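Engineer: Pasting in a structure now, in structure tokens, and then I'll have a few things to ask.
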Amino acid sequence: MASDNPIPNPILVPILGDQLTRTLASLRGRAKDDTVILMMEVWDEATYVRHHKQKIALIFSAMRHFAVELRDAGWTVDYVKLTDPDNAVSFTGEVARAIERHDPRAVHVVEAGEWRVQQSIEEWPDKFDCAVEILPDDRFVCSIAEFREWAEGHDTLRMEFFYREMRRKTGLLIDSDKPEGGEWNYDSENRKPPKEGLDAPKRPLFEPDAITREVIDLVEDRFGDHFGSLEIFGWPVSRDEAEKAADAFFAERIECFGPYQDAMVHGADDLFHSMLSTSINLGLLDPLDLCRRAEQAYKDGKAPLNSVEGFIRQIIGWREYVRGFYWLHMPHLQRANALNAQRALPEFFWTGETDMRCLADCIRSTRDNAHAHHIQRLMVLGNFCLIAGISPREVQDWYLVVYADAYEWVELPNVAAMILYADDGKLASKPYAASGNYINKMSNYCSDCAYSVSKKTGEGACPFNSLYWHFMDRHRDRLESNHRIGRIYANWDRMGEDKQAAYLETAQDFLDTLTPADKGWARD
Ligand code: FAD
Ligand code: DLZ
Ligand code: SF4
């Protein structure tokens, strides 16, 4: 799809796959008759890890829909498909080819979300024989520089304090300089276990149109051996669809979002979650607009404060915090391994074949939907990886591959720092380690599991129970002085040697049964 409307010496504006925003900094204020937009499907991006098939289909389809939207609005778009016989495989190669085609007087590009890509963009001014301007990505509430400044002023970084700053900055749920309702955080009201028969209105699934069907065929053809299923593909791929998905959330699910945020029900994959992360991360939805809509729902009496505050906290709190944290700690965050976890990822993470019903259900949802909700990612999958001592690099690759919303800037801090404590507590004040009790309380998984959650040791005991103590015991030196978790060792000591030995032996027997996955699932 080469440009059909040549413009002499234009400004060339490359737009990356997660920059699908009409008000992107590189487009704002630009004249349409002086600009060529370049969009590139490139092999390097599609294969730097072996992404879930739905993730590639989603990104290519959303890119192609965005190109149509831009052209309809009068922009000139030079769109390079993956199947273009001259495709140069990488962003840098494609920009070089576009410079030959268009002879631009300058390239204007918005900084990349991922460190890996940003490194190559920073080489462009030296590589190309034309001016290159790299613009900040201002689709976040907090800039990278502002986060760095905030971090420099604090000995310990905690999301809660950062979040309060973001509330003040945006004015969201602020009433005369005070937090709405008197509290900053209503998390304690957002931990309701699922009641019997808990069900939620289904999120809209969008029927693939001709563009999406073509992309699905391409993905089956070129990436057919990647993880995941393409049978259910209902992600919003255009701004219009993303807005419909947001409308459905605000009309039907936000009311119960808060109370059941941490609940898990076998086979109920979305519950009251917004399912908007893919659209937000692609740039189809503005996160701040969503927060304003949530606030309005509260003001209109359509959603309770705990739901609305919880939703806003995930976005202007956690999402912004992990992004700032990522840029503060890259590239060493990729190699962090404070707990020296070395075990290979078990094969069942790719096959779903395990008798642990909680893990099997989360992996099934991951395979079928390229999605699992937050508490499944954190307290089932993540908790298992933490207490079983799985190597951070292998866990990082898995999460980056399997979720349709996964980009390294958001995936890596959540995996390395939040679930694995590989950063030694820079992001979170304690490791999120839990026994089967937690999963039993917050889900209906255990009632029909091959393991018994009430059995602590020996055959048939829930593996989370013994792995929990195995983890606590092997990291005693580091964790005992942690004021949020250290007191647990008094319980361990009270158990006595025989019971302790039974826990450690049960855990070790279980770990010995794990078959390591072939690394080829994640990377070529
Ligand atoms: P909702 O529950 O409806 O939450 C609303 C929004 O808040 C989300 O759409 C998302 O934009 C934001 N959000 C919530 N929690 C977080 C968080 N911890 N970090 C950043 N943003 C957050 N989210 C991603 O977008 N991409 C990832 O690659 C990703 N990897 C994760 C890995 C782990 C180990 C964990 C524990 C969490 C990860 N998350 C990631 C965060 C969260 O699980 C997803 O954003 C959420 O499940 C998406 O579903 P939703 O849109 O229904 O979210
Ligand atoms: C994830 C992804 C994939 C699979 N393919 C492409 C692509 O072909 N072209 C593109 O522009 N972007 C793709 N992406 C998203 C990029 O990896 C993403 O824009 C960067 O990681 C951000 O730094
Ligand atoms: Fe998971 Fe243990 Fe419950 Fe089985 S018993 S579902 S393994 S927590």
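Engineer: Quick one: grab Rg to one decimal and Dmax as a whole number for the chain, Cα atoms only, in Å.
Structural biologist: Using the Cα atoms of the chain, the pair Rg, Dmax is 23.8, 81 Å.
Engineer: Label-point separation (nm) for LYS244 and ARG484, each offset 7 Å from Cα along Cα-to-Cβ?
Structural biologist: With each label placed 7 Å out from Cα toward Cβ, I get 4.1 nm.
Engineer: Mind checking which lysines have their C-alpha under 27 Å from LYS169, skipping anything on the same chain fewer than 8 residues away?
Structural biologist: The qualifying lysines are LYS178, LYS299, LYS302, LYS426.
Engineer: While we're looking at this one, here's another question. Any chance you could get the radius of gyration and Dmax over the Cα atoms of segment 386-524, in Å?
Structural biologist: Considering segment 386-524 through its Cα atoms, Rg and Dmax are 16.3, 49 Å.
Engineer: Points 7 angstrom from Cα along the Cβ direction at SER229 and GLU252: gap in nanometres?
Structural biologist: 2.1 nm
Engineer: Also: Which distance in nm do the two modelled labels at ARG164 and ARG116 give, with both placed 7 Å along the Cα-to-Cβ direction?
Structural biologist: 3.8 nm
Engineer: Quick one: P(r) of segment 52-179 from all Cα-Cα pairs, 5 Å bins, percents rounded to integers, in order of increasing distance.
Structural biologist: Final binned percentages: 2, 8, 12, 14, 17, 13, 10, 9, 8, 4, 2, 0, 0.
Engineer: A further question follows. If I take R0 = 30 Å and measure r between the Cβ atoms of LEU135 and ASP424 in this structure, what FRET efficiency does the formula 1/(1 + (r/R0)^6) give, to the nearest 0.05?
Structural biologist: Working from the Cβ atoms, E equals 0.30.
Engineer: Follow-up question, since we're still on this one. Please give the peptides 199-209, 255-265 ranked by average Cβ packing (other Cβ atoms within 10 Å per residue), highest first, as a rough proxy for protection.
Structural biologist: Ranking, from highest mean packing down: 255-265, 199-209.
Engineer: Something else now. Beta carbons within 10 angstrom, averaged per residue: use that to sort the peptides 515-522, 421-428, 442-449, highest first.
Structural biologist: 421-428, 442-449, 515-522
Engineer: A follow-up question, please. Using a 1.4 angstrom probe, figure out how much accessible area the chain has per residue, in square angstrom, rounded to the nearest whole.
Structural biologist: Averaged over the residues of the chain, the accessible area is 41 Å².
Engineer: How about LYS244: which aspartates and glutamates have a C-alpha closer than 19 Å to its C-alpha, ignoring those fewer than 8 places off in the same chain?
Structural biologist: Cα-Cα hits under 19 Å: GLU69, GLU207, ASP209, GLU252, GLU255, ASP270, ASP286, ASP289, GLU295, ASP405.
Engineer: Quick one: work out the % antiparallel among DSSP beta bridges in the chain, nearest 5.
Structural biologist: Here the antiparallel bridges make up roughly 15 percent for the chain.
Engineer: If you don't mind, another one. Taking only C-alpha pairs under 8 Å that are 6+ residues apart, what is the relative contact order of the chain in percent?
Structural biologist: After rounding, I find 17 percent.
Engineer: Rounded to the nearest Å, what's the spacing between the alpha carbon centres of segment 298-370 and segment 193-242? Just the number, please.
Structural biologist: 19 Å
Engineer: Which residues in segment 79-107 place their backbone N less than 13 Å from a point set 7 Å from the Cα of ARG71 along the Cα-to-Cβ direction?
Structural biologist: What the label zone holds, given the 13 Å backbone N cut-off, is 79-81.
Engineer: Right, next: Would you list, by chain and number, the lysines whose Cα falls below 25 Å from the Cα of LYS430, excluding same-chain residues fewer than 8 positions away?
Structural biologist: Partners found: LYS192, LYS441, LYS456.
Engineer: Let me ask another. Which distance in Å, rounded to a whole number, links the C-alpha centroids of segment 114-138 and segment 42-78?
Structural biologist: 20 Å
The values are calculated or read from the model by the stated rules, or taken from the named source; none is laboratory data. The shown structure was predicted, so the numbers you read here are calculated from the model rather than taken from an experiment. All Cβ positions, glycine included, derive from the backbone under ideal geometry; neighbour counts span all protein chains shown. Ligands, DNA and RNA are excluded from the accessible area calculation, which covers all protein heavy atoms including side chains. Shrake-Rupley method; radii C 1.70, N 1.55, O 1.52, S 1.80 Å.
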